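The values are calculated or read from the model by the stated rules, or taken from the named source; none is laboratory data. Keep in mind the model is a prediction, meaning the values are calculated, not measured. Every residue, glycine as well, gets a Cβ built from its backbone with ideal geometry; the counts of neighbours run over all protein chains shown. Remember, those area values only see protein heavy atoms, side chains included, never the ligands or the DNA or RNA. Shrake-Rupley method; radii C 1.70, N 1.55, O 1.52, S 1.80 Å.
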Amino acid sequence: MEQTIEEIYEEAVRDIDAAADEGRIQELAVIYLGRKGKVTRYLRNISQLPAQQRPEAGKRANQVKQALNQTFRDAEERLGSAASTDERLDVSLPGRIPARGRLHPVTQINQEICDIFVRLGFDIAEGPEVEKDWYNFEALNFPKEHPARDMQDTFFISDDIVLRTHTSPLQIRIMEKQAPPVRVIAPGKVYRCDSDLTHTPMFHQVEGLLVDRNVTFGNLKGILTTFVHQMFDEQTSLRFRPSFFPFTEPSAEVDILCVMCRGSGCRVCSSTGWLEVLGSGMVHPAVFENVGYDSTQYTGFAFGMGVERIAMLKYGIDDIRRFFENDYRFLAQF
Amino acid sequence: MIVSLSWLRDYVPIEWDTDRLANALTMIGLEVDSVTDRYDHLKQVRVGRIASVRPHPNADKLKICEVAVGDETLSVVCGAPNVTEGMLSPVALPGTQFADGTVLEKSTIRGEISEGMLCSEIELGLGADRSGIMNLGSGHPLGASIKDALGLSDAVIEVDLTPNRPDCLSLIGIAREVAAIQNAPLTYPEIPPDASDGNIGELTSVIIEDPDHCPRYTAKLVLDITVGPSPFWLQDRLMSVGLRPINNIVDVTNFVMMETGQPLHAFDYDLLADNRIVVRTAKEGEPFVSLDGKEHRLSGDMLMICDGEKPVGIAGIMGGLNSEINDRTTRVLIESAYFNPVSIRRTAKTLGMGTDASHRFERGVDPAGTMRANERSARLIAELGGGNIAGGAIDANPIPYQGGRILFSVGKTNRVLGTNLNRDAMADILKSIEFSIETIDDDVLGVVAPTFRVDVSRPEDLMEEIARLSGYNNIPETTPLIPAEGRPLAMTLRFREKLRELMVGFGFSEAIAYSFAARRSGDMLNLPKDDPRRRTLAILNPLTEDQAVMRTSLIPGLLDALGRNIARQNRTVRLFEVGKIFISRGRNELPEEIEMVAGLWFGSRQDGSWLAEEAPCDFYDMKGVVESLLAGFNVPRAEFTAMPDSACNYTRSGHSAEILIDGEVIGIVGEVSSGVLASFDLEQPAFIFEIDCHQLMNRTPTEIQARPLPKFPATARDITLIVDRNLESVRILDNIRNTEETLVESVHLFDVFEGDPIPQGKKSLSFRITYRSSSQTLEDEQVNRIHRDISEKLIQSFKAELPG
Ligand SMILES: [Zn+2]
C-alpha cells in the first residue's frame, strides 16, 4: 500500500483547510471520496491485507470516511455562505412606504354611526346647510320669539334664512316628501355661533327619525341602547332623563356612563360620572300637523347626536377645535 | 335657577341627603349642574384669640393686634372699636374670598403689615352687625375654621332649567317637585288677609291701554314705611341664592320673586305723576333711563309702565331711575303683572337687557299668581318697613286667563310610552304636582293643569309628566317592528365614499375646514368682478371677520391649512376636502349649494430616504392624481386643456389646465399663483385641483360591461418625432388614437426631450404604439407597413422630423 489511512486523512484535512471556495471542495470530495478516490481505493484494497488485519483496517477506514464526509459538509457550508455574503439584505432597513392618506376622524365616526343605523334598516338622507326659518325652527314647533330659540345660538343670513342649527330640518323635509312609514337618518354639518374648548361654529350631527303605527318610547330606548352598545361597547350603561326639545314630547336626553372614569367622576364628565351623547324624544304632534301626518294614526321618535362629541370621547380628544385645524400630525393619527 | 336647601326647607321637609336629592332632580328633568356649600369660602377664616392690642403708630383710629391662631400668631391691623384682649374673633387669612367676591391679600396699612383681617358679621355674610368685629364667645379651638367651629353648612343647588319649565324658576316650584318625588307635603307661606278694606281706589288707578301686551296688572299700596336695611334673615335668604341685599323694600320684591316666580316692582308712589299707572307702548324715540343708569331710545312696540306723564319702567324688564325707591320714600306702589311673553322677549332683545324679571316673563309666569304675590309682598313690606297696607288692591284684568281641560287616555298613554300603568297610578302622579283630575270613564281622565304649568296643553304633555315622574328608566326597552323594506343608498353617498377612498389611496389625508370665509376671500383668490364666486352669502352676525361669509371655494380653506401645517413644520402636505360651497342668489333666497372636491399637494413627491433622494412635487404629480381619480371612476375620456392666461385667477398661467369631460369643464388643476400664495403668507409652490362633484358624478358610468381578454399577442413599435416646442403632445396622441387603422390598440408617450442635439424651439417626443389583432397573430411585415403609414401621416400633419 502506498499510503496509510491516517496519512490519507491528514492530507485530506490539510487540503480542505486550504481550499478557497466551494468548487475546490467539490474537487477534493471527488479526489478523496469519489468512485476512484483515495479513500475508496484504500477500502477496496483492504481485501489484499492479511486476514487478521482486515477487520481492524476496515473499521478504521470507515471511521475516516465518515469523518471526512462531515468535514466536507462543514467546509461546504462555511465556504458556500461566505460566497453569498454580498447578496445578503439588511432586512432592518426601512422599506419603500407607499403614500397613505387618512380619512378625517369626523368622517370615520360619521360612517360608523351611519353603518350602525343602516344595519338597523334606516335610510340616509341629506339636505341644505342654509335653511329657511320654517324648516329650522317654525315647523319644528319653535315659534318666533320663543325662548327655546335661545337654546341654539343662530347665525342669520336674513330674518327668514339661517345656517341650520341642527339636522332636524331634515325631519320636516323628509316627511313633506314621503308618506309614513319613515325610517331615516340624516348626517350633516350644522352651525352655531359659539366658539370655545367644547364648541366650534361648525360641527356635525346625525339626525334620526322613525315614524310608523305603534312606535313607542320603549322602542326609542331600544334602538338607542342598541346604537350605544354598538358604538361604544356592550357594557356601556345608559340613562334616559327628561329634557325639553320643542319638536318632541316626551323628550329625553341620553347619557352614557363616562367612558373616561367609568362613573367615578372626572373632568370630562364634570364629576357627574355621566356624559350626554344624544337628544331624543317622541315626535311632537304639532310637528306631525305641520307636515300633514295624522297624529292619531302615527307615532314616531326622533334623535340627534353630535359627531365630534362622540369622536372626542372615542379618541380622547379634549379640544374640539383640533378637528378643523387640519394639522397633519393630528390627522395622521386616525 | 339657584336654590339653597336652607330656604327650600321653608316649604318642604328634605329627607334625603343632598347627592340623592340632586340625582333625583336630574332624573325628573331638573338637571342639577352643581352642588356647592355656600359657606365653603369661610374655610380660610380661622378662630383667633386677640392676644394683645396696641395703638397703630401712624393712625389714631387703628390698632395693631397680635392674634393667636393655634400654631402661630399673626399681626393684624384693625379699626374696630370693640376689639379687646382675650376676645375670640374670626380672622380671615390672605386668599379668603368674601361673599361679595373680593379676595383678601396680605397688605400694609399705613406702614404696618397686616397678615389677616378681623371680620364683622356682615363682612362674613353671617349677620347684619357692622358695628364691630364678631365676638365668637368662648369654647372654640384656636385656628379652627369658623365653618367647622360654628357648624356652618348649606348646600346650594344650581339647576339648569329647560325653557319649558318657568314654574321651577322659584323656590316653591322646586319645592313642589321635591315634595312629589319624596312624597312629602308642600307648605305654602301664609298670607293673613288685609285688615282694612277699600280706599286704594281713592289713592291710585291703573289704566291698561294695550291689553294684548299686558293682560293683567295688579297694584297694592303700602304707606308710612321707613326704608332701611332688611333684617338678617331676609338678607341671608337672598345671599343664599346669590342675590345682593339692597334695602327692605327691594329685598322683599326680590324675595317674593324667588319664592313664587312672580317678578314684582316697587315704585316710590310720590314720584309718580298724578300718583297713577298707565300701561302703554312707548312713543317712537322716547328717551328713558333705567335703574342701572343706562339711557335707552324706545321704539313704538315696547311696552312701558308710565305714570300720569312719562314712562317709569320698562314693562317686565327694569324700572326707571325716576321712580326708584330711595331713603326718603314713605309710600310704595307694588306692581305684580302678567305681561305677554313675546312682547317682553322682543323688547329685552332689542334693548340688549336680560334681567331676572324678563327671564321669567319671557318663559311665562303663573297668570293666576299675580295677586297672591302682590299680597305677600305688601304684607312683608308693611312688616319690615313699619308701614300700613292701604285697603284693597287694584286688579286690572282686561283679558282673563282661561284654562282648559285636557282629555287624557290612559290606554293611548301606555301605547305611546310602552308602559303598563293603571289609571289610578297615572292620576296619583298628576295629583302629586297639583293637576286636578276628574274620571270620565275607565280609560279617559279629564285633567286640568295648574295655572303655573304654562307648558302643558296637550295629552302628550301629560304623558311626559307620567313618564318623568314614574321614571324614564323604568320604561322597558323594546325593539320596533320594522318592515323588511329598504331603499337603495343614494348615489351621492356612494360616490362621495368612493371619492374619499380614492383620494386616501393616493396618499391624501382628508381635511375639513369651516364653511366660512373672509369677506375679502374673492380678492385673495384674485377673482374677476363678475365671477360667480364673488356672489358670497354674508352672515349677519359673524363671529369674526375671517368667518363673515359662506365659502365659494374650497381652495382658501386648504391654503389656510397649509399655512398652519408649514408653521408647525409639516414639510410635505397632501390634503383633500369634500364639501359644499355656497353661491348666493340674494339674501332672501336659499343659496346654490355645490359639493366640490379639492386637493392640495405641497412639498415633496417622495420624502428623502436611503433609497431615493427627496424630489419636489410638480404639476404632473397633481395632474396624475386627477387622472387617476377619473380613471377610478371609469370616466372614459377626460381632456386637459391649457387654461387661457386671462382665466388664470389663482393659478399660475402656463401651469394650469381645465379638466373637461365630454367637452364640459368640471374643474381645474394647476399651480397656485405666486400672488395668491403671497396673500396667504405662503412662498413655496403648491399644487391644487378643484372639481365639481355633481358634474363628475353625472359623467361617471353607472354600469360596467366586461370586455373579453385578447387571445393573440401584441406587437409594439416606437417612433420619435421632432416637433415644434409649443405643440401639445395630446394632439399627436389623439391623432394616433383616432387613426382609421383598427389594429392600433394603444399609444403611450414615453419620452420628451429638449436641448442639444434637438434644435432650439423644437422638442422630441417618443411614442410606443401597440398593435394587436383580435383574430390572428400579426406578422412583422404587416405591423411594419402600418407603423410606416402612421409615421408618415404624423410627419405630414405636424410638420415633424425624424431624429437624424
Ligand atoms: Zn368621567
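Select from the stretch A:123-148 the residues that are open to solvent by less than 50 Å² (accessible area, probe 1.4 Å) and within 19 Å of B:Arg496 (Cα to Cα) and write down the one among them that is farthest from the other protein chains (Cβ to nearest Cβ). Applying the filter and picking the extreme gives A:Gly127. All conditions in (1) more than 9 Å from chain B (Cβ to nearest Cβ); (2) closer than 20 Å to B:Leu30 by Cβ hold for A:Ser243, with the sole exception of (1). Cβ-Cβ under 9 Å, sequence separation 6+ or interchain: first residue in the stretch A:96-109 and facing another protein chain (nearest Cβ under 7 Å) and more than 25 Å from A:Pro187 (Cβ to Cβ), partner crowded, with 17+ Cβ neighbours inside 10 Å and among the polar types (S, T, N, Q). Which pairs? Partner pairs satisfying both residue conditions: A:Arg96/B:Gln606; A:Ala99/B:Gln606; A:Arg100/B:Ser509.
Close contacts from the stretch B:74-95, counting a first residue that is touching a residue at least 24 places away in the same chain (Cβ under 8 Å) and a second that is aromatic (Phe, Trp, Tyr), with Cβ to Cβ under 9 Å and a gap of 6+ residues or different chains, come to B:Ala92/B:Phe98.
For (1) open to solvent by 20 Å² or more (accessible area, probe 1.4 Å); (2) touching a Leu at 6+ places or on another chain (Cβ under 9 Å); (3) over 30 Å from B:Met463 (Cα atoms); (4) part of a strand (DSSP E or B), each residue gets a yes or a no:
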residue: B:Thr26; (1), (2), (3), (4): no, no, no, no
residue: B:Ser34; (1), (2), (3), (4): yes, no, no, yes
residue: B:Lys43; (1), (2), (3), (4): yes, no, yes, no
residue: B:Ile64; (1), (2), (3), (4): no, no, yes, yes
residue: B:Ser75; (1), (2), (3), (4): yes, no, yes, yes
residue: B:Ala80; (1), (2), (3), (4): no, yes, yes, no
residue: B:Glu85; (1), (2), (3), (4): yes, no, yes, no
residue: B:Ser89; (1), (2), (3), (4): no, yes, yes, yes
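Count of the stretch B:776-804 residues, restricted to those that are open to solvent by 70 Å² or more (accessible area, probe 1.4 Å) and under 22 Å from B:Phe712 (Cβ atoms), is 8. Pull up the stretch B:473-523, narrow it to residues that are more than 10 Å from chain A (Cβ to nearest Cβ) and assigned to a loop (DSSP other than H, G, I, E, B), then point me to the one that is surrounded by the fewest Cβ atoms within 10 Å (Cβ to Cβ). This residue is B:Arg520. Checking the stated criteria, A:Asp160 turns out not to satisfy the condition of being at the interface with another protein chain (Cβ under 8 Å from one of its Cβ atoms) and under 18 Å from B:Ala348 (Cβ atoms). All of (1) facing chain B (nearest Cβ under 10 Å); (2) under 21 Å from B:Glu577 (Cα atoms) hold for A:His284 with one exception: (2).
Within the stretch A:287-334, the set of residues being among the small types (Gly, Ala, Ser), open to solvent by 10 Å² or more (accessible area, probe 1.4 Å) and either facing chain B (nearest Cβ under 10 Å) or outside any strand (DSSP E or B) (or both) comprises A:Gly292, A:Ser295, A:Gly316, A:Ala332. Does A:Pro180 meet the test of being within 17 Å of A:His284 (Cα to Cα), part of a loop (DSSP other than H, G, I, E, B) and in the same structural domain as A:Arg262 (by TED's automatic domain parsing)? Criteria met by A:Pro180. Given the condition within 28 Å of B:Pro166 (Cβ to Cβ), free of Cβ contacts under 8 Å to residues at least 60 places away in the same chain and more than 14 Å from every other protein chain (Cβ to nearest Cβ), answer yes or no: does some residue in the stretch A:269-277 qualify? Scanning the stretch A:269-277, I find at least one residue that is within 28 Å of B:Pro166 (Cβ to Cβ), free of Cβ contacts under 8 Å to residues at least 60 places away in the same chain and more than 14 Å from every other protein chain (Cβ to nearest Cβ), so the answer is yes.
Quick one: is A:Ser280 more than 8 Å from the ligand (Cβ to nearest atom) and open to solvent by less than 10 Å² (accessible area, probe 1.4 Å)? Yes: the conditions hold for A:Ser280. Selection of the stretch B:529-555 for residues being assigned to a helix (DSSP H, G or I) and buried (at least 23 other Cβ atoms within 10 Å of the Cβ) yields only B:Ile555.
Set side by side, the residues B:Asp167, B:Asp129 differ, and just one is of a type outside the set (Val, Ile, Thr) and open to solvent by less than 30 Å² (accessible area, probe 1.4 Å), which is B:Asp167. Within the stretch B:446-472, can you find the residues that are more than 8 Å from chain A (Cβ to nearest Cβ) and not in a loop (DSSP other than H, G, I, E, B)? Correct list: B:Gly446, B:Val447, B:Val448, B:Pro459, B:Leu462, B:Glu465, B:Ile466, B:Leu469, B:Ser470.
Candidates A:Pro201, A:Pro250: the one that is of a type outside the set (Ser, Thr, Tyr), more than 29 Å from B:Arg496 (Cβ to Cβ) and away from the ligand (no atom under 16 Å from the Cβ) is A:Pro250. Residues that are closer than 17 Å to B:Arg468 by Cβ and either open to solvent by less than 20 Å² (accessible area, probe 1.4 Å) or modelled with pLDDT under 95 (or both) within the stretch B:426-448 comprise B:Met426, B:Ala427, B:Leu430, B:Ile433, B:Phe435, B:Val447, listed in sequence order. Please enumerate the residues belonging to the stretch B:554-578 that are in contact with a helix residue (DSSP H, G or I) (Cβ under 8 Å, 6 or more places away or on another chain) and either over 18 Å from B:Leu682 (Cα atoms) or within 10 Å of another protein chain (Cβ to nearest Cβ) (or both). Result: B:Asn565, B:Arg568, B:Asn570, B:Val573, B:Leu575, B:Phe576, B:Glu577, B:Val578. Only residues that are touching a Pro at 6+ places or on another chain (Cβ under 8 Å) and open to solvent by 10 Å² or more (accessible area, probe 1.4 Å): list them for the stretch B:315-340, please. Those that are touching a Pro at 6+ places or on another chain (Cβ under 8 Å) and open to solvent by 10 Å² or more (accessible area, probe 1.4 Å): B:Tyr338, B:Asn340.
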